[in-house]
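Trainee: Here's a structure for you.
The values are calculated or read from the model by the stated rules, or taken from the named source; none is laboratory data. Keep in mind that what you see is a predicted model, and the values were worked out from it rather than measured. For neighbour counting, all protein chains shown are included, and Cβ atoms are generated from backbone atoms with ideal geometry for every residue, glycine included.
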C-alpha cells in the first residue's frame, strides 16, 4: 500500500466527519473530503514531517473547507444553512443513527460561530492536542485554549436552550 493509499485508508472517515460537522451536508462533505485528499496527493512533497500526517491532512481539510465558505455567496450560505437546519436533509440511514440528543448536539454546534465550531470539533471531538489544533488552525496555543474555553461556554448555553443538560460534555 502506498503512502497515499494509507493516508486515505487511515484518515478518510475522520476527515469526512470533521468536514460534515462544519458544512452540515453529506454531499458537500464528500466533495470537500475528496478535494482534501487530492490536494494532499498533489502537494505530498511539501509534507516535511514537522507534524503528524493526520495533523497535516486536517490542516488541508480546514483550509479547503474555509475556501469553500469564502467562495460561496454569503446569502446562499445563510439560506442553505437555514433550510438544512429546518429540514435536516438526512438519509433514512443517517436519521436512524441519530437520536434526539445527538440531533440537538449537532444543531447546537451549528449555531456557534465558525471559529468555536472548529476548536470544539478539533479538540473535543477529534481529540487533537492543543498544539495540533493550533497547527491546523494556524493559531497560537493560547488562542486555542482561550477560544475553547469561550466556545464551550457558548456551546453549553446553546445546548441548554434545546433542553440538553448532559454536563459530561464539558469536562476539561
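Trainee: Give me the pairs, please: first residue somewhere in region 117-144 and within 11 Å of residue 18 (Cβ to Cβ), second residue anywhere and assigned to a loop (DSSP other than H, G, I, E, B), beta-carbon distance under 6 Å, and either six or more positions apart or on two chains.
Mentor: Hits for this filter: 122/128.
Trainee: Tell me yes or no: at least one residue of region 149-162 is in a helix (DSSP H, G or I) and at pLDDT below 70.
Mentor: Within region 149-162, the first condition is being in a helix (DSSP H, G or I), and the residues that meet it are 149-161.
Those still in the list that are at pLDDT below 70 too: none.
Checked against the condition, which is being in a helix (DSSP H, G or I) and at pLDDT below 70, region 149-162 yields no hits at all.
Trainee: Can residue 30 be described as more than 26 Å from residue 147 (Cβ to Cβ), surrounded by fewer than 17 Cβ atoms within 10 Å (Cβ to Cβ), in contact with a helix residue (DSSP H, G or I) (Cβ under 8 Å, 6 or more places away or on another chain) and modelled with pLDDT under 90? Talk me through it step by step, then tell me what you get.
Mentor: Numbers: more than 26 Å from residue 147 (Cβ to Cβ): yes; surrounded by fewer than 17 Cβ atoms within 10 Å (Cβ to Cβ): yes; in contact with a helix residue (DSSP H, G or I) (Cβ under 8 Å, 6 or more places away or on another chain): yes; modelled with pLDDT under 90: no.
Spelling it out, it is not the case that residue 30 is more than 26 Å from residue 147 (Cβ to Cβ), surrounded by fewer than 17 Cβ atoms within 10 Å (Cβ to Cβ), in contact with a helix residue (DSSP H, G or I) (Cβ under 8 Å, 6 or more places away or on another chain) and modelled with pLDDT under 90.
Trainee: Give the residues of region 40-72 that are surrounded by fewer than 17 Cβ atoms within 10 Å (Cβ to Cβ) and part of a helix (DSSP H, G or I), sorted by residue number. Even if it seems obvious, please write down each step before you answer.
Mentor: Step one: list which residues in region 40-72 are surrounded by fewer than 17 Cβ atoms within 10 Å (Cβ to Cβ), which gives 41-53, 63, 66-67, 69-72.
41, 42, 44, 45, 46, 53, 63, 66, 67, 69, 70, 71 - these are the residues of region 40-72 that are surrounded by fewer than 17 Cβ atoms within 10 Å (Cβ to Cβ) and part of a helix (DSSP H, G or I).
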